[in-house]
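Engineer: Pasting a structure here, questions to come.
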C-alpha cells in the first residue's frame, strides 16, 4: 500500500469523526438498518477532496464506530460504506475541485456517486448479507434499494451543494488582477 | 440536537479492564467472525452464555448501557419483522421441512421452522452485543491505536482511528453550536418542512462544519508534520503495554471458541443446525 501522507491520516481521522457524528443524528426511514443519513454526503465530499484511500477508511472507521456504539458491528454494511468511499474516490481522482468547479465536474461527481451507491447497496451489501447472515434475498434487496435511493438523493443534493460551497471559498489561480 | 447517548469508556477496576487493548481487540474480532459464520443454535447459545459471564466479571452494570441495549432491541425487532413480512416461508426453505403451528392470514402462517430461523438470526446478533459493548466500555481509547498497530495494522491507519476518537466530541460540539446558531436564524430541521427543504437546510449546518473541519485538518496535520510524524517505519506508543499471562489466556480462549465453534457448526456439513431433519 502506498504510504499515507500526514494530511490524509488527519483527513481520515476527522472525516471519520464527522461521519460518526452525522450518523448519530440520522433521520430514520421505514426500512430497518437504513437511514436518510447525511454522513454519505460528507464521505463523498471527503473522498473527492482527499482520494480513494481516505474514502475507504472514513467509511470503514466511521461506520464501525457508529455500529460498535449502538448494537455490535454489522460488517456487511460497514464494508459497503467503505466501498462507497472507494468508488467515489477513484472516479473523482482527476476532478481537481480545488481549481474551481463547473457543471461538467458536478455531473461527473454525481454520476460517480450514483454508481457507487447502486453498487454498494444494491450488490455489495446484500451479497455480503446473504453470505454472513443468510437473510432472505427479497428483504435484502428492498433494504438495499431503499438505502441506495435515500443515499443517492442525500449525496446528490447535499454533496453537490457542499462541493459548490467549498469551491467558492478556495482562491482560484490567477484570481488576482493588476490594478491600473 | 438533543445530547446523543453514546457508549463511552467506563473506568472500573475489573479483570476485563486490566487486559491489554490488543487482547480485547483479538477477542472481539474472533467473536465477530465466529458469530458471523455459524448458524448453529448450540454454538450461538454457548457464546451468549460465555458473553454474559464475561459481562458479569467486567463490573459494567446493565444501567450503564441500557440506552444502547434499547436501540439494539428496536433494531432486532424491526429486522425480524421485515424478514417475516417479506418471506414468511424462509425458514421452511432453509430447514427443508414444514411444521405449521397456526395460520395468521393469507400467505402468512407461523411455522416452527420460521420461528427457529428468527431465533437463530436474533442469537447471531445478540451474542456479539455483550462483547462489542464491553470492548468499547472497557478499552481506554488512547490504548486502541497501539493495539491496532500490534495486530499488524499500519500505524498511520491506527493513528487515524485515534484521531477520530479524539475529535468526535469536538465535532459534536461544533455541530451543536452551528445548528443552534442556524436555528436562531430561522433554519428548521425538525421535520416540519418537506424532505427536500430539510436537506437543503442541512447544508446550512454542514458547510460551516466542513469548512472548519478542513481548517482543523490543516492545523493538525501541520502540527504532526512539524513533529516528524510518519518519518520512520515504526513508532512507539505511550500507552502500549506488554502482553501478560491473562492476555495470552484471553486470546487463546477466544481462538479456541472460534475453532471449536466452527468445528461443531460444520460437523454436519452445513452452517445450519437442523433439529427438524434429525427428528425425521
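Engineer: Take residue B:127 and decide whether it is within 23 Å of residue B:32 (Cβ to Cβ), under 16 Å from the mean Cα position of the chain (by Cα) and within 11 Å of chain A (Cβ to nearest Cβ).
Structural biologist: yes
Engineer: Output yes when any residue across region B:52-73 is under 21 Å from residue A:140 (Cβ atoms) and at pLDDT below 90, and no when none is.
Structural biologist: Looking for residues that are under 21 Å from residue A:140 (Cβ atoms) and at pLDDT below 90, one finds at least one in region B:52-73, hence yes.
Engineer: Determine whether region B:95-118 contains at least one residue that is touching a helix residue (DSSP H, G or I) at 6+ places or on another chain (Cβ under 6 Å), modelled with pLDDT under 85 and within 11 Å of chain A (Cβ to nearest Cβ).
Structural biologist: no
Engineer: Provide a single number: the residues in region B:224-250 that are facing chain A (nearest Cβ under 9 Å) and modelled with pLDDT of 90 or more.
Structural biologist: The total comes to 2.
Engineer: If a residue has to be assigned to a helix (DSSP H, G or I) and surrounded by 15 or more Cβ atoms within 10 Å (Cβ to Cβ) to count, how many in region B:233-277 make the cut?
Structural biologist: Total meeting the criteria: 12.
The values are calculated or read from the model by the stated rules, or taken from the named source; none is laboratory data. No experiment lies behind these values; they were computed from the predicted model shown. Cβ coordinates were reconstructed from backbone atoms using ideal geometry, including for glycine residues, and neighbour counts include every protein chain displayed.
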